[in-house]
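First up is the structure itself, then whatever we jot down about it.
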Amino acid sequence: MAELTYRDAVAAGIAQEMERDERVVFLGEDVAHAGGVFKATVGLLDKFGEKRVRDCPISEQAILGAAMGAAMTGLRPIAEIMFSDFLAVCWDIVANEIAKSRYMTNGQVQMPLVIRTANGAGSRFGAQHSQSVENWAMMIPGIKVVAPAFPADVKGLIAAAVRDEDPVLIFEQKSLYPMKGEVPDGEHVDELGKARVLRRGKDCTIVALALMVHRALAAAEILEKEHGISCTVIDVRSLVPLDTVTILAEVAATGRLVTIEENPRLCGWGAEIASIIADECFWELDGPIIRITTPHIPLPSADRLEDNTIPSVERIVREISERID
Amino acid sequence: MDTSVKRKKTSGTTEDDIGRDIRLELFRMQLELRLCEKRAYDLFLQNLIKGTSHLSLGQEAIAAAFGVAMRPDDYTFCTYRGHAHTLARGASMTGVLGELMGRECGLLGGKGGSMHLTDVSKGAMGSYAIIGAHLPVAAGAAWSAQYRGTEQVAVCFFGDGTTNIGAFHEALNFSVVWKLPVIFVCENNLYMEYTPISAVTAVEHPAADRAAAYNLEKIVVDGNDADAMYRTATKYITRARKGGGPALIEAMTYRHSGHSRADPGKYRPEGELEKWLERDPIKIYRERLLGLGIVEATLTDIEGEVMQQVNEATEAAKASAPPSLDGIYQHVWADGGAAWRN
């Protein structure tokens, strides 16, 4: 096992796949010569050359359109959208074209492509560079959606996404880029659509994603020590496909569900999970479902405001300890 | 180019740079596109086709010229006004009419409809119903061809209205910077849906006058002249195939019908349609072929064959069952299914 940062795991995952398969190409803004604005793709240009690692103009529709056209005709592109907020300027290509073309053509069109993007808060960039928009993607039929929380998952899920025949949107949490973690040596390929149980408790099941996984784990420690509440923590990892088997089983085991979401309240992914649990696991529940989300507001930028907007460890501890006895 | 409505004298012989065989092919293909499109209109009137439809009546010379000029493994990307471009790559008429009628035999099994005709096996890589979306996608296919070294070319058709959307400009800049083998073909039929393009555009030629901004040549062609279109198509396809990069071609034409099924085209000034009908590409071409010495019987034979082809396709599509309901949950994903959870 080597220790890598979340950021280095991005480059490691892309490099592993480019090494293996010549059809894999990588494009985006500032990704080649500059190594990415988050320095997550440093070294790829030197290793694979300008034919395969390409800087693009600030043209998100062109970037994703080009990735789509290439995927339809035999390549396996990885496209970077610098900030997930910018998906809004190329959402037609994602939601109308990439996601739907296979279905509309009755299976004629192939679409093996990956879109990577930096998502989420923690960098004080404000409402147009710090949003969590994974819920936008989750509601579009035809696109797979993953959001890794650990360096090993970054590498493994990028590899799995590149090898998948369907379009996959990977949300990297930008404040996790410096985080270090163990990454398996040698080839590492994960599986899409699998949640992971990170700890088991008996009083409630917390379902979290990306940065919120770390806050859920920290909160679970405090809840155990200071409030005598023991929590199961599930890292969802993949919103589409969704591992409802794991989530249903773990919620049934504790009788309580808590979702912790960085996306704003309305139509957050936790609402879908809550709906599934209410529908299929109602009689196993011992109390109401708890959703902890960012409020339904645009994200403010000042550190004090941002810290009091997205769910914090303190808020998670408070809400769970007040509502679960 | 002079876009006013008048006939131009064309020189040529049956054995010039185009030649008799290709001219007959161009004639036949224009007729196929015309008669199939007219049939689609008739089927609408009979309520056998539901939804919307955007006809290319009057614009056939452009699709036909490229259809004849392209290599079988080249890529076509077109818009929701794409029946002609899809047929021009060799998609079956039964598949096209069947899709319009929502039948099992449709190219897309009834899941796409008129605005999304696609036949990947023929290089018809899709009809796109969001204005401008397919220009970057065509650039991507061209990038793939360049990367794989296959000398394939992508041809992307769109209307004059598309030149005012961002994706048009993004795709042009991107394609020129990467020197991609892609030909962008603007079919300027003078109207952006219901509005004259001149009323909403800063330049006279909505595509060609923007070419200079992307370091491209200004190219305006008579889109109702199949020979002129064929020569232009061949020239720029050949150049792109050899690594010479993209071209932006503006083909002047006119649609004989309204924007879509819902539009009778009442916004057009009196007499405009009549003038353009005199410049009907098929009428022009027929007269030209006769002038070049091709005998009338050759043309009437072709006309009879194409009509029979359209009739047979119509009957086959009518006889086809509605699509199976199984299709609703098929092909969301590459595994053939629609599962979003385990």
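Read-outs: derived from the displayed coordinates by stated rules, not from any lab. Not measured: the values here are computed from a predicted model. A quick note on method: Cβ atoms are made from the backbone with ideal geometry, for glycine too, and the neighbour counts reach across all protein chains shown.
GNM on chain B, C-alpha springs below 10 Å: top fluctuator among B:ASP222, B:ASP73, B:ASP42? Greatest mean-square fluctuation among the candidates belongs to B:ASP42. Convex hull volume of the Cα atoms of the range A:99-174, normalised per residue: 79 Å³.
Applying D = kT/(6 pi eta Rh) to the protein assembly as shown, where Rh is the Kirkwood radius over alpha-carbon pairs, T corresponds to 25 °C and eta to 0.890 mPa s, the Stokes-Einstein value obtained is 91 µm²/s.
Structure remark: mean-square fluctuation, Gaussian network model of chain B, C-alpha springs under 10 Å; the largest value among B:CYS105, B:CYS36, B:CYS78 belongs to B:CYS105.
Send over the semi-axes of the range A:159-278's equivalent ellipsoid, whole angstrom and largest first, taken as the square roots of 5 times the C-alpha gyration tensor eigenvalues.
Values: eigenvalues 119, 65, 41 Å².
Taking √(5λ) for each eigenvalue gives 24, 18, 14 Å, largest first.
Between A:ILE81, B:LEU325, A:GLY69, the Cα set farthest toward the positive side of the dipole of the protein assembly as shown (charges on each charged residue's Cβ, about the Cα centre) is that of A:GLY69. Working note: Debye formula, equal point scatterers on the alpha-carbon atoms of the range B:271-342, no solvent; log10 I(q)/I(0) at q = 0.15, 0.26, 0.28 Å⁻¹ is -0.75, -1.09, -1.12.
Using only side-chain charges placed at the Cβ, +1 for Lys and Arg and -1 for Asp and Glu, the dipole size of the range A:237-280 relative to its Cα centre rounds to 100 debye. The distance from the alpha carbon centre of the range B:173-251 to that of the range A:1-69 is 32 Å, rounded to a whole number.
The loop-placed chymotrypsin sites (Phe, Trp or Tyr not before Pro) in the range B:257-292, going by DSSP, that have at most 15 neighbouring Cβ atoms within 10 Å of their Cβ come out as B:TYR267.
Within the range B:254-342, the trypsin sites (Lys or Arg not before Pro) that combine a DSSP coil assignment with at most 16 other C-beta atoms in a 10 angstrom radius are B:LYS266.
With chain B treated as a Gaussian network of Cα nodes joined by springs under 10 Å, which of B:SER127, B:SER324, B:SER257 yields the largest mean-square fluctuation? Largest GNM mean-square fluctuation: B:SER324. The fraction of all Cα pairs in the range A:137-179 landing in successive 5 Å bins from 0 to the largest distance is 5, 23, 29, 22, 14, 6, 1, given as whole percents.
Any idea what the alpha-carbon Rg over 2.2 N^0.38 Å comes to for the range A:1-116? Intermediate values should be presented prior to the final figure.
Details: Rg = 14.3 Å, N = 116, 2.2 N^0.38 = 13.4 Å.
Compared with the compact-globule rule of thumb, the range A:1-116 sits at 1.07.
What value does the range A:223-290 have for Rg/Rh, both radii from Cα atoms and Rh as Kirkwood defines it? With Rg and the Kirkwood Rh in hand, the quotient comes to 0.96.
Once every DSSP H run of n ≥ 4 in the protein assembly as shown is given -39500 (n - 2.57) and the sum is divided by its residues, what mean residue ellipticity at 222 nm do you get, rounded to the nearest 500 deg cm²/dmol? All intermediate terms of the calculation are to be shown ahead of the outcome.
Details: 21 runs with 247 residues, N = 667.
My calculation for the protein assembly as shown gives -11500 deg cm²/dmol from helical runs alone.
Note on the range B:204-342: percent of Cα-Cα distances in each 10 Å bin, starting at 0 and stopping at the bin with the largest distance, equals 9, 19, 25, 26, 19, 4, 0. Contact order, relative form, for the range B:30-168: 24 percent (alpha carbon pairs under 8 Å, 6 or more residues apart, mean separation divided by residue count). Across chain A, the convex hull enclosing all Cα atoms gives 125 Å³ per residue. For B:LYS50, the lysines whose Cα falls under 17 Å of its own Cα, not counting residues fewer than eight places away in the same chain, are B:LYS38, B:LYS111, B:LYS318. The charge dipole of the protein assembly as shown, taken about the Cα centre with unit charges on the Cβ atoms of Lys, Arg (+1) and Asp, Glu (-1), comes to about 880 debye, rounded to the nearest 20.
In the range B:154-263, the alpha-carbon atoms span a convex hull of 97 Å³ per residue.
Any idea what the alpha-carbon Rg over 2.2 N^0.38 Å comes to for the range B:208-263? If you can, show how the numbers build up before the last one.
Values: Rg = 14.0 Å, N = 56, 2.2 N^0.38 = 10.2 Å.
Normalised Cα radius of gyration, the range B:208-263: 1.38.
With N as its number of residues, the range B:90-229 has a Cα radius of gyration that, divided by 2.2 N^0.38 Å, comes to 1.14. Note on the range B:148-288: with charges restricted to the Cβ of Lys and Arg (+1) and Asp and Glu (-1), its dipole about the Cα centre is near 600 debye.
Think of chain A as having a plus end and a minus end, set by charges on the Cβ of Lys, Arg, Asp and Glu; of A:PRO184, A:LEU27, A:GLY107, A:LEU27 sits farthest toward the positive end of this dipole.
Straight-line reach from A:LYS180: taking Cα to Cα under 13 Å and skipping same-chain neighbours fewer than 8 places apart, the aspartates and glutamates in range are A:GLU3, A:ASP8, A:ASP153. To test your reading of the geometry: what angle, between 0 and 90 degrees and rounded to tens, separates the Cα axis of helix A:6-20 from the longest principal axis of chain A? For A:6-20 against chain A, the angle is about 40 degrees. Rounded to the nearest 10 degrees, the angle from helix A:313-323 to the longest Cα principal axis of chain A is 40 degrees. The trypsin sites (Lys or Arg not before Pro) found in the range B:89-135 include none that occupy coil by DSSP while having at most 13 further C-beta atoms within 10 Å. Compared with the dominant Cα axis of chain A, that is its longest principal axis, helix A:269-280 is turned about 60°. In this structure the amide hydrogen of B:ILE130, modeled in the peptide plane, comes within under 5 Å of no amide hydrogen from residues 5 or more places off or on another chain.
What's the longest bit of chain B with no exposed GluC sites (Glu not before Pro), using DSSP loop states and at most 13 other Cβ atoms within 10 Å as the test?
Numbers: sites that count: B:GLU15, B:GLU204, B:GLU217, B:GLU270.
The segment B:16-203 is the longest one with no such site.
What share of Cα pairs, in percent, lie more than 33 angstrom apart in chain B? Could you put the intermediate results ahead of the total?
Details: 14886 of 58311 pairs.
Value for chain B: 26 percent of Cα pairs lie more than 33 Å apart.
Building the convex hull from the alpha-carbon atoms of the range A:1-64 and averaging its projection over directions returns 4.7 nm².
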